[in-house]
Ligand SMILES: [Zn+2]
């Protein structure tokens, strides 16, 4: 096989090679190789290691990239985003900065309901264009794969249209996309008087239709007071399992509801947010192998005033992932490095732990650990070339640390711009 790309002169190669899930002390091991090279063919890695060990019988590559002594690490895997929406909620930012809470804003018709009204009026092409714009911004920040949720349609037709928009945008975009059905994001206004009717609709109509059309890999539930309680969430997640969808849960974000316990009980792949996770929930996650996908930027922009107990989760052996939670309300930043910076400087992770959580941790969270998340032979050639050998430069918020981004062996960002 003729190599399509050879990257030489890599000062520091963070391979993240090793067993998955990466937990506990293992998260600090980035599998660093100095003076390294990386070679790909047909979009897959055929060599990643010391430059002196590149097999001499490799053919000349089609393309060469000189890393200039800089660091190379896996592309970021953003395991929690909401990109399929229309309109904006910029007016709420001022209210929040003046002290209004998430629940207060939702109670006056803002929040998710405002975005649902705008999204229901948007065409599939308009939603796909919106998804694509967000993916553009994420790619420039080093994200090469993202989980993308529906959840602003909240009726069968609008949810299907949102998922089709996600699939349509993904087909034409370098960022790899894993779609998630989030019909259980909130109870829409027409069902507020009888929320059980809406749960029935999600269970009996939406999930079977989404599964039949093959539009999503996962189903997700916002398990929270005012959205879906534990028993409604359980019904929805069990229906998802019956129809062959993976499960994810927005768990214990604004208050403790037992979301983490539920995620473990239904065999969910990931419990997300976990700001108010209980000790029992934490133990259940550790025992089940369910990932904890943390979204520190959301806690920051929502001004929640506290963070998920990341250190305790790591010490308990829960597989950790980081995500941006890009969304129209509390997800202003598409940047995984920003989420990683908060994870370190507000939540107390080591830089290496944040890098693990943002790469192989994210891949585990979306069940793609065999394909992406580390730089090992056979995996996709998805990686970032920094502008220096210092991984710590990722934490210098506002200073562009990322030079090139490579997806499937193709340079898609060069010198910080779309190639
Ligand atoms: Zn979310």
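Each DSSP beta bridge with both residues in the chain is either parallel or antiparallel, and the antiparallel ones are about 45%. According to the Cα-based calculation, Rg over Rh for the stretch 234-298 is 0.96, with Rh computed by the Kirkwood formula.
If the Kirkwood radius is taken over C-alpha pairs of the stretch 1-90, then at 10 °C and 1.306 mPa s the Stokes-Einstein diffusion coefficient equals 104 µm²/s. Beyond 15 Å, the tail of the calculated P(r) for the stretch 304-398 holds 65 percent of the Cα pairs.
Relative contact order, whole percent, for the chain stands at 20, derived from Cα pairs under 8 Å and 6 or more residues apart. Among 19, 208, 74, the residue with the largest mean-square fluctuation in a Gaussian network model of the chain, with springs joining Cα atoms closer than 10 Å, is 19. Convex hull volume per residue, computed on the Cα atoms of the chain, equals 124 Å³. Take the Cα radius of gyration of the stretch 180-283 and divide it by 2.2 N^0.38 Å, N being the number of residues; the result is 1.00.
Rounded to the nearest 10 degrees, the inclination of helix 336-345 to the longest alpha-carbon principal axis of the chain is 80 degrees.
For the stretch 101-220, just run the numbers: alpha carbon Rg, then divide by 2.2 N^0.38 Å, N being how many residues it has.
The value comes to 1.08.
Temperature 20 °C, viscosity 1.002 mPa s: under these conditions the Stokes-Einstein estimate for the stretch 34-146, based on its Kirkwood radius over C-alpha pairs, is 116 µm² per second.
Protection proxy ranking of 141-147, 210-216, by the mean of other Cβ atoms within 10 Å over each peptide's residues and highest first, is 141-147, 210-216. Semi-axes of the equivalent ellipsoid of the stretch 351-419 are 21, 17, 9 Å, computed as sqrt(5λ) over the eigenvalues of the C-alpha gyration tensor in descending order. When Rg and Dmax are taken over the Cα atoms of the stretch 188-249, they come to 11.3, 32 Å.
A protection proxy built from the mean count of other Cβ atoms within 10 Å ranks the segments 289-301, 152-164, 384-396, most packed first, as 289-301, 152-164, 384-396. What angle do you read, to the nearest 10 degrees and between 0 and 90, between the alpha-carbon axis of helix 230-242 and the longest principal axis of the chain? Relative to the chain, helix 230-242 is tipped by roughly 60 degrees.
Under the √(5λ) rule applied to the eigenvalues of the Cα gyration tensor, what semi-axes describe the equivalent ellipsoid of the stretch 58-108? Give them in Å, descending.
47, 14, 11
For the stretch 287-333, the relative contact order is 50 percent, taking Cα pairs closer than 8 Å that sit 6 or more residues apart in sequence and dividing their mean separation by the residue count. If one takes the longest principal axis of the Cα atoms in the chain, at what angle in degrees, from 0 to 90 and to the nearest 10, does the Cα axis of helix 156-171 lie? The angle comes out at about 10 degrees. For the stretch 245-347, the spread of Cα coordinates along the three principal axes comes to 32, 29, 22 Å, biggest extent given first.
Only the coordinates and a few stated rules stand behind these numbers; no lab work does. Worth saying up front: this structure is predicted, and the values here are computed from it rather than measured. Note that each Cβ is placed from the backbone with ideal geometry, even for glycine, and that neighbours are counted across all protein chains shown.
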